[in-house]
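Coordinate-derived values only; no laboratory data. These numbers were taken from a predicted model, which means no experiment stands behind them. Methodologically, a virtual Cβ is constructed for each residue, glycine included, from the backbone with ideal geometry; neighbour enumeration extends over all protein chains shown.
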Amino acid sequence: MEDSFKHKGLRSKLVETIIAKGIKDERVLNAISKIPRHLFMDSGFLDHAYQDKAFPIAADQTISQPFTVAFQSELLQVKPGDKILEIGTGSGYQTAVLLELGAKVYSIERQQELFKKTSKFLPKLGYRAKRLIFGDGYKGLPEDAPFDGIIVTAGAPFVPKPLLEQLKVGGRLVIPVGDNVQVMTLFTRKAEKRFEKQEFGDFRFVPLLEDKN
């Protein structure tokens, strides 16, 4: 698994692109500059790995646009040691960013094919989540709650109540909400029964799948 001088140069350019789009968090930028995104993609897309675009991966899913990954990560305000729940492991790229930020990551993936692939792949790169789970992200992970932060990496038609319930007071839920176009939404748990909601513009995500069984 090669990470060449050329790849590192392309990553530097990518970081410049997302800075120009408004990302300011130095730790997020450092994570993007460090992680070999090309290794998370099928070999046919290697030339596109450091463009600021989403690209297809297995199971009709996508690896998110780097700006979107950076934007969500910045909103989450991860501190080293924070317990973070990720809904939608996907390629594992966002997982790697969270781990670079020093989070203890619990990640749920709904697609069996992706779950198997990413579970094997992340440790090969030296990225070890606390738990990678095959399951229904709408339910969250009550047995490991509460979390300092929850990040949803697919478009949710509504905000799943269990995710709000599994936040610590002071915790943050970053979730794209909507059907065809999603509004990036941040919920901050201010008290046991009180949440503050903020919206941050339109994004496009693949849909968050619910387990119908």
Taking the Cα atoms of the range 141-213, report the difference between the largest and smallest coordinate on each principal axis, in whole Å and largest first. 33, 32, 16
Counting alpha carbon pairs within less than 8 Å and at least 6 residues apart, what relative contact order, in whole percent, applies to the range 105-198? 20
Can you sort L122, L173 so the residue with the fewest Cβ neighbours within 10 Å comes first? L122, L173
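Taking the range 22-117, which GluC sites (Glu not before Pro) meet the DSSP loop condition and have no more than 11 other C-beta atoms within 10 Å?
none
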Angle check, please: helix 66-76 long axis (alpha carbons) against the longest principal axis of the chain (alpha carbons), in degrees 0 to 90, nearest 10. 40
Within the range 128-213, which GluC sites (Glu not before Pro) sit in a loop by DSSP and count at most 14 neighbouring Cβ atoms inside 10 Å? E192, E210
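Counting other Cβ atoms within 10 Å of each Cβ, which trypsin sites (Lys or Arg not before Pro) in the range 27-113 have at most 13 and sit in a DSSP loop?
Details: sites: R27, K34, R37, K53, K83, K104, R110; in loops: K53, R110.
Answer in residue order: no site qualifies.
What does the charge count around E26 come to, taking other residues whose C-beta lies under 13 Å from its C-beta (Lys +1, Arg +1, Asp -1, Glu -1)?
0
Would you mind calculating the relative contact order of the chain from Cα pairs under 8 angstrom and at least 6 residues apart, reporting the percent as a whole number?
Working: 421 pairs, mean separation 31.6, N = 213.
Value for the chain: 15 percent.
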In whole Hz, with x marking every Gly and Pro, tabulate ³J(HN,Hα) for the range 22-34 from phi via Karplus 6.51 cos²θ - 1.76 cosθ + 1.60, θ = phi - 60°. x, 6, 10, 5, 4, 5, 5, 4, 5, 5, 4, 6, 8
Could you work out the local net charge near E196, counting Lys and Arg as +1, Asp and Glu as -1, over the other residues with Cβ closer than 9 Å to its Cβ? +4
Non-local amide H neighbours of I150 (under 5 Å, H modeled in plane, Pro and chain starts lacking H): which ones? L85, R172, L173, V174
Using alpha-carbon coordinates, inclination of helix 112-124 to the longest axis of the chain, degrees: 60
Take every DSSP beta bridge whose two residues both sit in the chain, then give the antiparallel share in percent to the nearest 5. 45
Could you tell me how many degrees, from 0 to 90 and to the nearest 10, lie between the Cα long axis of helix 5-20 and the main elongation axis, the longest principal axis, of the Cα atoms of the chain? 50
